[in-house]
Amino acid sequence: MRHHESGAGALRELVRGKAEREYRLDLNRYVGPFPLWRCEWVWEKEIVPILEVPDITFWVTQDTDGDGDQETIYTDGWFQIGWKSGPLSDVILHASPIARINGSCEVPPVGPCEVPEITFAGLMPVTPSPTPYLDTTGGPNRGTSTRVNPAHADGQIRASVFPPPAVSADGPATAPFMGTVQLYGCTAYPNAEYYRLMYSHDGAAAVPFTNISWWLDPFPGPGAPLHVTPDAQGWYPILTPADAWFPPNELLDWATGAYPDGLYDITLEIGDGSKTVIYTSSPAVPIRVDNSAPYAPLGSAFVSVSWRALPGGAWFTFPNLICPIVHRSPGQDLEFQVQYNVAATHLLKVNIGGSGCGGGTLLPVPSPTVPPYVQQPNDPEYQHWHTSPTDNSVSRTAHFVLPGSALAGCYGFSVNAYSRAFNPAGGDGSNPQGNDWYVDTQSLIWNQWNLSVAVIDV
(Lines give C-alpha, C1' and ligand atoms only; values in the text may rest on other atoms or scores of the structure.)
Protein backbone atom coordinates (compact mmCIF):
# COMPACT_ATOMS: atom_id res chain seq x y z
CA MET A 1 0.00 0.00 0.00
CA ARG A 2 2.83 2.43 0.86
CA HIS A 3 4.48 1.88 -2.50
CA HIS A 4 1.15 2.43 -4.19
CA GLU A 5 0.58 5.73 -2.33
CA SER A 6 4.10 7.28 -2.04
CA GLY A 7 6.31 5.40 -4.46
CA ALA A 8 9.98 4.42 -3.87
CA GLY A 9 10.42 6.91 -1.01
CA ALA A 10 7.94 5.03 1.11
CA LEU A 11 9.85 1.84 0.38
CA ARG A 12 13.17 3.47 1.51
CA GLU A 13 11.50 4.62 4.70
CA LEU A 14 10.11 1.12 5.35
CA VAL A 15 13.53 -0.55 5.08
CA ARG A 16 15.34 2.41 6.74
CA GLY A 17 17.52 2.89 3.73
CA LYS A 18 20.11 5.60 2.97
CA ALA A 19 18.84 8.85 1.49
CA GLU A 20 21.50 8.96 -1.25
CA ARG A 21 20.67 5.41 -2.43
CA GLU A 22 18.08 4.76 -5.10
CA TYR A 23 15.31 2.30 -4.25
CA ARG A 24 12.66 0.86 -6.52
CA LEU A 25 10.16 -2.04 -6.56
CA ASP A 26 9.83 -4.34 -9.61
CA LEU A 27 7.00 -6.83 -9.08
CA ASN A 28 8.21 -8.87 -12.05
CA ARG A 29 11.45 -9.74 -10.22
CA TYR A 30 10.26 -10.87 -6.82
CA VAL A 31 11.60 -13.43 -4.38
CA GLY A 32 8.53 -14.82 -2.65
CA PRO A 33 6.47 -15.21 -0.76
CA PHE A 34 5.68 -11.55 -1.17
CA PRO A 35 2.26 -10.90 0.40
CA LEU A 36 1.31 -7.66 -1.26
CA TRP A 37 -2.04 -8.80 -2.62
CA ARG A 38 -5.07 -9.30 -0.45
CA CYS A 39 -6.99 -12.57 -1.00
CA GLU A 40 -10.76 -12.64 -1.01
CA TRP A 41 -13.30 -15.47 -1.46
CA VAL A 42 -15.79 -14.82 -4.24
CA TRP A 43 -18.77 -17.23 -4.31
CA GLU A 44 -20.43 -17.93 -7.65
CA LYS A 45 -23.32 -20.30 -8.43
CA GLU A 46 -22.36 -23.20 -10.72
CA ILE A 47 -24.64 -25.78 -12.32
CA VAL A 48 -23.23 -29.30 -11.86
CA PRO A 49 -24.78 -32.31 -13.66
CA ILE A 50 -26.10 -35.08 -11.38
CA LEU A 51 -25.15 -38.39 -12.98
CA GLU A 52 -26.79 -40.65 -10.38
CA VAL A 53 -30.29 -40.38 -11.78
CA PRO A 54 -32.91 -43.16 -11.51
CA ASP A 55 -33.05 -45.81 -14.20
CA ILE A 56 -36.79 -46.25 -13.74
CA THR A 57 -39.32 -44.59 -11.45
CA PHE A 58 -42.48 -46.64 -10.93
CA TRP A 59 -45.93 -45.15 -10.55
CA VAL A 60 -48.91 -47.54 -10.49
CA THR A 61 -52.57 -46.50 -10.51
CA GLN A 62 -55.83 -48.43 -10.30
CA ASP A 63 -59.52 -47.61 -10.11
CA THR A 64 -59.93 -49.20 -6.68
CA ASP A 65 -63.45 -47.93 -5.94
CA GLY A 66 -65.10 -48.16 -9.37
CA ASP A 67 -65.72 -44.41 -9.72
CA GLY A 68 -63.78 -44.11 -12.99
CA ASP A 69 -60.85 -42.24 -11.44
CA GLN A 70 -57.41 -43.76 -11.02
CA GLU A 71 -56.03 -43.94 -7.49
CA THR A 72 -52.30 -44.28 -6.82
CA ILE A 73 -51.47 -47.69 -5.37
CA TYR A 74 -47.69 -47.44 -5.68
CA THR A 75 -45.20 -44.65 -6.26
CA ASP A 76 -41.41 -44.37 -6.01
CA GLY A 77 -39.42 -41.52 -4.56
CA TRP A 78 -36.73 -39.91 -6.68
CA PHE A 79 -33.18 -41.28 -6.84
CA GLN A 80 -34.15 -44.80 -5.81
CA ILE A 81 -32.12 -46.72 -8.42
CA GLY A 82 -28.96 -45.15 -9.83
CA TRP A 83 -27.16 -45.92 -13.06
CA LYS A 84 -24.23 -47.29 -11.05
CA SER A 85 -26.29 -49.70 -8.99
CA GLY A 86 -24.93 -52.68 -10.92
CA PRO A 87 -26.89 -55.89 -11.54
CA LEU A 88 -30.33 -55.76 -9.91
CA SER A 89 -32.61 -58.54 -8.75
CA ASP A 90 -36.22 -58.91 -9.89
CA VAL A 91 -38.29 -55.81 -9.13
CA ILE A 92 -41.14 -56.37 -6.64
CA LEU A 93 -43.61 -53.56 -6.03
CA HIS A 94 -45.67 -53.71 -2.83
CA ALA A 95 -48.99 -52.01 -3.57
CA SER A 96 -51.03 -49.96 -1.14
CA PRO A 97 -53.66 -51.79 0.98
CA ILE A 98 -56.36 -50.07 -1.09
CA ALA A 99 -55.31 -52.05 -4.22
CA ARG A 100 -57.70 -54.62 -5.63
CA ILE A 101 -56.71 -58.10 -6.83
CA ASN A 102 -56.78 -58.88 -10.55
CA GLY A 103 -58.37 -62.31 -10.46
CA SER A 104 -57.77 -62.84 -14.18
CA CYS A 105 -54.06 -63.64 -13.59
CA GLU A 106 -53.37 -67.27 -14.35
CA VAL A 107 -53.05 -69.59 -11.38
CA PRO A 108 -53.01 -73.39 -11.52
CA PRO A 109 -56.23 -75.29 -10.81
CA VAL A 110 -54.95 -77.05 -7.70
CA GLY A 111 -58.41 -78.38 -6.87
CA PRO A 112 -59.26 -80.81 -4.07
CA CYS A 113 -56.54 -83.27 -3.06
CA GLU A 114 -57.02 -86.62 -1.38
CA VAL A 115 -53.76 -86.15 0.55
CA PRO A 116 -51.25 -83.31 1.02
CA GLU A 117 -49.03 -83.08 -2.05
CA ILE A 118 -47.19 -80.78 -4.44
CA THR A 119 -49.33 -80.57 -7.55
CA PHE A 120 -47.94 -77.75 -9.74
CA ALA A 121 -44.69 -76.00 -10.57
CA GLY A 122 -45.92 -72.73 -11.97
CA LEU A 123 -48.72 -73.74 -14.33
CA MET A 124 -47.22 -77.17 -15.08
CA PRO A 125 -48.65 -80.27 -13.34
CA VAL A 126 -45.94 -82.24 -11.54
CA THR A 127 -47.95 -85.19 -10.26
CA PRO A 128 -47.01 -88.44 -12.06
CA SER A 129 -50.61 -89.24 -12.93
CA PRO A 130 -52.79 -89.12 -14.90
CA THR A 131 -50.25 -87.62 -17.35
CA PRO A 132 -46.52 -87.30 -16.63
CA TYR A 133 -44.97 -83.96 -17.57
CA LEU A 134 -41.64 -84.57 -15.82
CA ASP A 135 -38.94 -87.16 -16.29
CA THR A 136 -39.20 -89.17 -13.06
CA THR A 137 -36.63 -91.82 -14.01
CA GLY A 138 -33.33 -92.12 -12.23
CA GLY A 139 -31.23 -91.04 -15.21
CA PRO A 140 -29.36 -87.80 -15.96
CA ASN A 141 -32.53 -86.14 -17.28
CA ARG A 142 -34.56 -86.70 -14.12
CA GLY A 143 -36.52 -83.57 -13.22
CA THR A 144 -36.64 -82.10 -16.75
CA SER A 145 -39.77 -81.47 -18.81
CA THR A 146 -40.64 -84.26 -21.24
CA ARG A 147 -42.53 -81.88 -23.55
CA VAL A 148 -40.99 -78.40 -23.63
CA ASN A 149 -38.29 -77.47 -26.19
CA PRO A 150 -37.72 -80.93 -27.70
CA ALA A 151 -34.70 -81.98 -29.74
CA HIS A 152 -34.81 -81.81 -33.57
CA ALA A 153 -33.28 -84.80 -35.30
CA ASP A 154 -32.50 -82.67 -38.38
CA GLY A 155 -30.77 -79.96 -36.30
CA GLN A 156 -32.85 -77.23 -37.95
CA ILE A 157 -34.09 -74.13 -36.10
CA ARG A 158 -37.83 -74.31 -36.76
CA ALA A 159 -41.12 -74.83 -34.96
CA SER A 160 -41.22 -78.22 -33.28
CA VAL A 161 -43.63 -80.90 -34.48
CA PHE A 162 -45.75 -82.07 -31.57
CA PRO A 163 -48.39 -84.76 -31.02
CA PRO A 164 -51.26 -84.75 -31.49
CA PRO A 165 -52.04 -84.90 -34.44
CA ALA A 166 -48.52 -85.61 -35.75
CA VAL A 167 -47.73 -89.28 -36.23
CA SER A 168 -44.11 -88.79 -35.24
CA ALA A 169 -42.90 -85.95 -33.06
CA ASP A 170 -39.59 -84.24 -32.45
CA GLY A 171 -37.92 -85.34 -29.27
CA PRO A 172 -37.01 -86.21 -26.71
CA ALA A 173 -37.53 -83.08 -24.61
CA THR A 174 -35.20 -82.52 -21.66
CA ALA A 175 -35.77 -78.91 -20.59
CA PRO A 176 -34.75 -77.92 -17.05
CA PHE A 177 -36.35 -75.17 -14.95
CA MET A 178 -35.01 -71.65 -14.41
CA GLY A 179 -35.93 -68.42 -12.65
CA THR A 180 -38.51 -68.12 -9.91
CA VAL A 181 -40.63 -71.26 -9.70
CA GLN A 182 -43.86 -71.13 -7.69
CA LEU A 183 -44.79 -74.46 -6.14
CA TYR A 184 -48.48 -75.08 -5.44
CA GLY A 185 -50.33 -77.83 -3.67
CA CYS A 186 -52.61 -79.01 -0.88
CA THR A 187 -51.92 -78.95 2.87
CA ALA A 188 -55.28 -80.01 4.36
CA TYR A 189 -54.85 -82.85 6.85
CA PRO A 190 -56.30 -83.72 10.29
CA ASN A 191 -54.57 -81.68 13.06
CA ALA A 192 -52.35 -79.94 10.50
CA GLU A 193 -51.16 -76.44 11.41
CA TYR A 194 -47.81 -76.13 9.67
CA TYR A 195 -46.04 -77.34 6.52
CA ARG A 196 -42.56 -77.24 5.06
CA LEU A 197 -40.82 -78.37 1.90
CA MET A 198 -37.77 -80.61 2.10
CA TYR A 199 -35.27 -81.01 -0.73
CA SER A 200 -32.41 -83.31 -1.60
CA HIS A 201 -29.88 -81.64 -3.88
CA ASP A 202 -28.14 -84.06 -6.25
CA GLY A 203 -28.81 -86.99 -3.92
CA ALA A 204 -27.60 -85.36 -0.69
CA ALA A 205 -29.48 -85.68 2.61
CA ALA A 206 -32.81 -83.84 2.61
CA VAL A 207 -32.94 -80.41 4.27
CA PRO A 208 -35.75 -77.84 4.52
CA PHE A 209 -36.06 -74.73 2.38
CA THR A 210 -35.37 -71.82 4.75
CA ASN A 211 -35.31 -68.02 4.56
CA ILE A 212 -37.72 -67.89 1.62
CA SER A 213 -40.55 -65.41 2.08
CA TRP A 214 -43.09 -63.79 -0.21
CA TRP A 215 -46.26 -61.72 -0.16
CA LEU A 216 -49.87 -62.78 -0.62
CA ASP A 217 -52.80 -60.45 -1.14
CA PRO A 218 -56.29 -60.86 0.31
CA PHE A 219 -58.75 -62.01 -2.29
CA PRO A 220 -60.66 -60.25 -3.69
CA GLY A 221 -59.36 -57.32 -1.60
CA PRO A 222 -58.88 -54.63 -0.60
CA GLY A 223 -56.78 -55.26 2.49
CA ALA A 224 -53.24 -55.46 3.78
CA PRO A 225 -50.93 -57.99 2.12
CA LEU A 226 -49.64 -60.94 4.10
CA HIS A 227 -45.91 -61.53 4.41
CA VAL A 228 -45.43 -65.29 4.40
CA THR A 229 -42.27 -66.17 6.35
CA PRO A 230 -40.94 -69.44 7.79
CA ASP A 231 -39.29 -70.18 11.10
CA ALA A 232 -35.65 -71.31 11.32
CA GLN A 233 -36.64 -74.92 10.47
CA GLY A 234 -38.60 -73.87 7.36
CA TRP A 235 -42.12 -74.30 8.83
CA TYR A 236 -44.88 -72.11 7.37
CA PRO A 237 -48.33 -71.65 8.95
CA ILE A 238 -51.14 -73.31 6.99
CA LEU A 239 -53.52 -70.62 5.74
CA THR A 240 -57.22 -71.39 5.92
CA PRO A 241 -59.12 -71.08 3.79
CA ALA A 242 -56.40 -71.34 1.14
CA ASP A 243 -58.40 -69.45 -1.48
CA ALA A 244 -58.76 -66.37 0.76
CA TRP A 245 -55.32 -65.25 -0.47
CA PHE A 246 -53.92 -64.64 -3.92
CA PRO A 247 -52.35 -66.59 -5.44
CA PRO A 248 -54.16 -69.42 -3.67
CA ASN A 249 -52.48 -72.66 -2.56
CA GLU A 250 -48.95 -71.33 -3.05
CA LEU A 251 -46.48 -73.42 -1.06
CA LEU A 252 -43.20 -71.78 -2.03
CA ASP A 253 -41.99 -68.82 -4.10
CA TRP A 254 -38.67 -70.37 -5.03
CA ALA A 255 -36.04 -68.11 -6.60
CA THR A 256 -33.97 -70.94 -8.05
CA GLY A 257 -31.17 -68.58 -9.05
CA ALA A 258 -30.23 -68.28 -5.37
CA TYR A 259 -29.57 -72.03 -5.25
CA PRO A 260 -26.94 -74.18 -7.01
CA ASP A 261 -27.96 -75.73 -10.31
CA GLY A 262 -28.79 -79.41 -10.23
CA LEU A 263 -31.51 -81.88 -9.30
CA TYR A 264 -33.90 -81.13 -6.43
CA ASP A 265 -36.09 -83.96 -5.15
CA ILE A 266 -38.78 -82.18 -3.13
CA THR A 267 -41.25 -83.54 -0.57
CA LEU A 268 -43.98 -81.87 1.47
CA GLU A 269 -44.09 -82.36 5.24
CA ILE A 270 -47.14 -81.60 7.38
CA GLY A 271 -46.73 -80.69 11.05
CA ASP A 272 -49.15 -80.43 13.98
CA GLY A 273 -49.28 -77.56 16.49
CA SER A 274 -45.91 -78.58 17.96
CA LYS A 275 -44.40 -78.89 14.46
CA THR A 276 -44.08 -82.62 14.77
CA VAL A 277 -44.19 -84.28 11.34
CA ILE A 278 -47.47 -86.12 10.92
CA TYR A 279 -47.40 -86.65 7.14
CA THR A 280 -44.79 -86.74 4.34
CA SER A 281 -45.75 -86.71 0.66
CA SER A 282 -44.47 -89.44 -1.63
CA PRO A 283 -42.97 -89.83 -4.15
CA ALA A 284 -40.64 -86.83 -4.24
CA VAL A 285 -41.22 -84.29 -7.02
CA PRO A 286 -38.02 -83.94 -9.11
CA ILE A 287 -37.13 -80.45 -10.36
CA ARG A 288 -33.89 -80.01 -12.31
CA VAL A 289 -32.64 -76.42 -12.20
CA ASP A 290 -30.23 -74.80 -14.66
CA ASN A 291 -29.78 -71.03 -14.53
CA SER A 292 -26.40 -71.12 -16.28
CA ALA A 293 -25.83 -69.21 -19.50
CA PRO A 294 -24.22 -70.66 -22.64
CA TYR A 295 -20.47 -70.15 -22.69
CA ALA A 296 -17.43 -70.22 -24.94
CA PRO A 297 -15.13 -73.11 -23.90
CA LEU A 298 -12.09 -71.34 -25.38
CA GLY A 299 -12.86 -67.96 -23.81
CA SER A 300 -14.32 -66.47 -26.99
CA ALA A 301 -16.90 -67.96 -29.33
CA PHE A 302 -14.66 -66.93 -32.25
CA VAL A 303 -11.87 -69.48 -32.67
CA SER A 304 -10.36 -67.98 -35.84
CA VAL A 305 -11.27 -65.64 -38.70
CA SER A 306 -9.73 -65.74 -42.19
CA TRP A 307 -10.40 -63.76 -45.37
CA ARG A 308 -9.51 -63.79 -49.04
CA ALA A 309 -10.24 -61.91 -52.24
CA LEU A 310 -12.69 -63.61 -54.59
CA PRO A 311 -12.50 -65.55 -56.72
CA GLY A 312 -9.92 -67.97 -55.42
CA GLY A 313 -7.49 -65.68 -53.65
CA ALA A 314 -5.10 -66.95 -50.97
CA TRP A 315 -6.49 -67.17 -47.44
CA PHE A 316 -5.13 -64.84 -44.77
CA THR A 317 -5.82 -65.74 -41.11
CA PHE A 318 -5.74 -62.95 -38.56
CA PRO A 319 -2.98 -63.65 -36.01
CA ASN A 320 -5.32 -62.36 -33.31
CA LEU A 321 -8.81 -60.91 -33.17
CA ILE A 322 -7.91 -57.56 -31.63
CA CYS A 323 -9.19 -54.89 -34.03
CA PRO A 324 -8.75 -56.96 -37.23
CA ILE A 325 -8.36 -54.93 -40.42
CA VAL A 326 -8.75 -55.97 -44.07
CA HIS A 327 -7.11 -53.92 -46.84
CA ARG A 328 -8.88 -54.53 -50.15
CA SER A 329 -8.80 -53.16 -53.64
CA PRO A 330 -11.86 -50.98 -54.33
CA GLY A 331 -14.73 -53.04 -55.76
CA GLN A 332 -13.14 -56.37 -54.76
CA ASP A 333 -15.46 -59.17 -53.52
CA LEU A 334 -14.26 -60.67 -50.22
CA GLU A 335 -14.93 -63.97 -48.50
CA PHE A 336 -14.68 -64.47 -44.73
CA GLN A 337 -14.29 -67.82 -43.00
CA VAL A 338 -15.35 -67.79 -39.33
CA GLN A 339 -14.71 -70.73 -37.02
CA TYR A 340 -16.85 -70.61 -33.86
CA ASN A 341 -17.41 -72.82 -30.82
CA VAL A 342 -20.01 -72.51 -28.02
CA ALA A 343 -21.55 -74.82 -25.43
CA ALA A 344 -24.17 -74.95 -22.68
CA THR A 345 -25.22 -77.32 -19.93
CA HIS A 346 -28.60 -77.65 -21.68
CA LEU A 347 -28.19 -76.17 -25.16
CA LEU A 348 -31.29 -75.24 -27.15
CA LYS A 349 -29.92 -73.61 -30.31
CA VAL A 350 -27.06 -71.59 -31.85
CA ASN A 351 -26.88 -69.20 -34.78
CA ILE A 352 -24.33 -66.89 -36.37
CA GLY A 353 -24.98 -63.86 -38.54
CA GLY A 354 -23.21 -61.00 -40.28
CA SER A 355 -23.91 -57.28 -40.20
CA GLY A 356 -22.75 -54.02 -41.76
CA CYS A 357 -22.49 -50.34 -40.95
CA GLY A 358 -25.04 -49.17 -43.51
CA GLY A 359 -22.98 -49.35 -46.68
CA GLY A 360 -23.54 -53.06 -47.16
CA THR A 361 -23.75 -56.30 -45.21
CA LEU A 362 -22.05 -59.67 -44.92
CA LEU A 363 -23.98 -62.34 -46.83
CA PRO A 364 -24.28 -65.93 -45.53
CA VAL A 365 -23.06 -67.83 -48.59
CA PRO A 366 -21.90 -71.36 -47.70
CA SER A 367 -18.79 -72.91 -49.20
CA PRO A 368 -17.97 -73.48 -52.02
CA THR A 369 -18.29 -69.77 -52.67
CA VAL A 370 -18.88 -69.16 -56.36
CA PRO A 371 -20.97 -66.51 -58.10
CA PRO A 372 -23.81 -65.87 -58.21
CA TYR A 373 -23.72 -65.60 -54.42
CA VAL A 374 -26.91 -67.16 -52.99
CA GLN A 375 -27.68 -66.45 -49.36
CA GLN A 376 -28.55 -69.56 -47.33
CA PRO A 377 -28.97 -68.47 -43.67
CA ASN A 378 -30.62 -71.82 -42.79
CA ASP A 379 -27.61 -73.85 -43.88
CA PRO A 380 -26.06 -75.88 -41.01
CA GLU A 381 -23.03 -73.58 -41.20
CA TYR A 382 -25.09 -70.79 -39.66
CA GLN A 383 -27.61 -72.40 -37.28
CA HIS A 384 -28.17 -75.49 -35.16
CA TRP A 385 -30.90 -76.84 -32.87
CA HIS A 386 -29.87 -79.56 -30.42
CA THR A 387 -30.50 -83.06 -31.78
CA SER A 388 -30.41 -85.01 -28.50
CA PRO A 389 -30.13 -84.46 -24.73
CA THR A 390 -26.33 -84.73 -24.97
CA ASP A 391 -25.96 -82.37 -27.95
CA ASN A 392 -24.74 -79.40 -25.91
CA SER A 393 -21.75 -78.11 -27.88
CA VAL A 394 -21.46 -76.65 -31.37
CA SER A 395 -18.26 -76.15 -33.35
CA ARG A 396 -18.74 -74.93 -36.93
CA THR A 397 -17.10 -72.96 -39.72
CA ALA A 398 -19.26 -70.36 -41.47
CA HIS A 399 -18.57 -68.45 -44.69
CA PHE A 400 -19.68 -64.92 -45.56
CA VAL A 401 -19.32 -62.83 -48.71
CA LEU A 402 -18.86 -59.06 -48.70
CA PRO A 403 -19.72 -57.84 -52.23
CA GLY A 404 -17.36 -55.35 -53.83
CA SER A 405 -20.27 -52.91 -54.05
CA ALA A 406 -20.31 -52.65 -50.25
CA LEU A 407 -18.67 -49.53 -48.91
CA ALA A 408 -15.51 -49.65 -46.85
CA GLY A 409 -16.26 -49.49 -43.16
CA CYS A 410 -16.99 -51.62 -40.11
CA TYR A 411 -18.56 -55.05 -40.47
CA GLY A 412 -19.28 -57.67 -37.85
CA PHE A 413 -20.23 -61.19 -36.85
CA SER A 414 -22.54 -62.23 -34.00
CA VAL A 415 -22.85 -65.66 -32.42
CA ASN A 416 -25.96 -66.29 -30.33
CA ALA A 417 -26.46 -69.33 -28.09
CA TYR A 418 -29.60 -70.18 -26.09
CA SER A 419 -30.39 -72.45 -23.15
CA ARG A 420 -33.39 -74.78 -23.33
CA ALA A 421 -34.22 -74.05 -19.67
CA PHE A 422 -37.72 -72.65 -19.24
CA ASN A 423 -39.92 -71.06 -16.60
CA PRO A 424 -43.30 -72.72 -16.00
CA ALA A 425 -45.17 -69.51 -15.15
CA GLY A 426 -46.40 -69.41 -18.75
CA GLY A 427 -45.82 -65.71 -19.40
CA ASP A 428 -43.92 -65.96 -22.70
CA GLY A 429 -46.93 -66.21 -25.03
CA SER A 430 -46.41 -69.88 -25.94
CA ASN A 431 -49.78 -70.87 -24.37
CA PRO A 432 -48.44 -73.99 -22.63
CA GLN A 433 -51.74 -74.92 -21.00
CA GLY A 434 -53.65 -74.66 -24.27
CA ASN A 435 -51.07 -76.88 -25.95
CA ASP A 436 -50.76 -79.36 -23.05
CA TRP A 437 -47.13 -78.19 -22.60
CA TYR A 438 -46.09 -79.31 -26.08
CA VAL A 439 -44.45 -75.93 -26.74
CA ASP A 440 -41.28 -74.18 -27.80
CA THR A 441 -40.90 -71.53 -25.12
CA GLN A 442 -39.11 -68.22 -25.44
CA SER A 443 -35.53 -68.75 -24.33
CA LEU A 444 -34.89 -66.59 -21.27
CA ILE A 445 -31.19 -67.44 -20.86
CA TRP A 446 -28.84 -66.72 -23.72
CA ASN A 447 -25.45 -65.28 -24.56
CA GLN A 448 -24.02 -63.32 -27.47
CA TRP A 449 -20.49 -62.79 -28.77
CA ASN A 450 -19.65 -60.03 -31.28
CA LEU A 451 -16.61 -59.40 -33.45
CA SER A 452 -16.02 -56.36 -35.66
CA VAL A 453 -13.76 -56.22 -38.72
CA ALA A 454 -12.66 -53.00 -40.43
CA VAL A 455 -12.53 -53.04 -44.24
CA ILE A 456 -10.35 -50.34 -45.81
CA ASP A 457 -9.97 -49.55 -49.52
CA VAL A 458 -6.36 -49.14 -50.63
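The values are calculated or read from the model by the stated rules, or taken from the named source; none is laboratory data. This one's a predicted model, so the numbers in the text were calculated from it and none came from an experiment. Here the Cβ is made from the backbone with ideal geometry for all residues, glycine too, and neighbour counts use every protein chain on show. Keep in mind that these areas ignore ligands, DNA and RNA; they rest on the heavy atoms of the full protein, side chains included. Shrake-Rupley method; radii C 1.70, N 1.55, O 1.52, S 1.80 Å.
Expressed as a whole percent, the accessible surface of region 362-451 that belongs to carbon and sulfur atoms is 51, based on a 1.4 Å probe.
Given +1 at the Cβ of Lys and Arg, -1 at the Cβ of Asp and Glu and no other charges, the dipole of region 252-364 around its Cα centre is 520 debye to the nearest 20. Between Phe58 and Ile456, the modelled label-to-label distance comes to 5.1 nm, taking each label 7 Å out from Cα in the direction of the beta carbon. From the residues Asn291, Gly221, Leu239, which one has its Cα farthest along the dipole of region 159-314 in the positive direction, the dipole being from +1 and -1 charges on Cβ of Lys/Arg and Asp/Glu about the Cα centre? Of the candidates, Asn291 comes out farthest on the positive side. The label-point distance for Ser213 and Trp315, in a model that sets each label 7 Å from Cα toward Cβ, rounds to 6.1 nm.
Residues of region 400-415 with an amide N closer than 14 Å to a point placed 7 Å from the Cα of Cys357 along the Cα-to-Cβ direction: 406-413. Sorting 261-274, 336-349, 415-428 by average packing, meaning the other beta carbons within 10 Å per residue, from highest down gives 415-428, 336-349, 261-274. Per residue, region 245-401 exposes 42 Å² of accessible surface when a 1.4 Å probe is rolled over the protein heavy atoms with every protein chain present.
Counting 0.36 nm for each residue step from Leu407 to Ser96 and taking away their Cα separation leaves a gain of 106.2 nm. Heavy-atom surface analysis with a 1.4 Å probe gives region 146-263 a carbon and sulfur content of 58 percent of its accessible area.
For the pair Ser367 and Glu46 in one chain, pulling the backbone fully straight at 0.36 nm per residue adds 109.3 nm over the alpha carbon distance.
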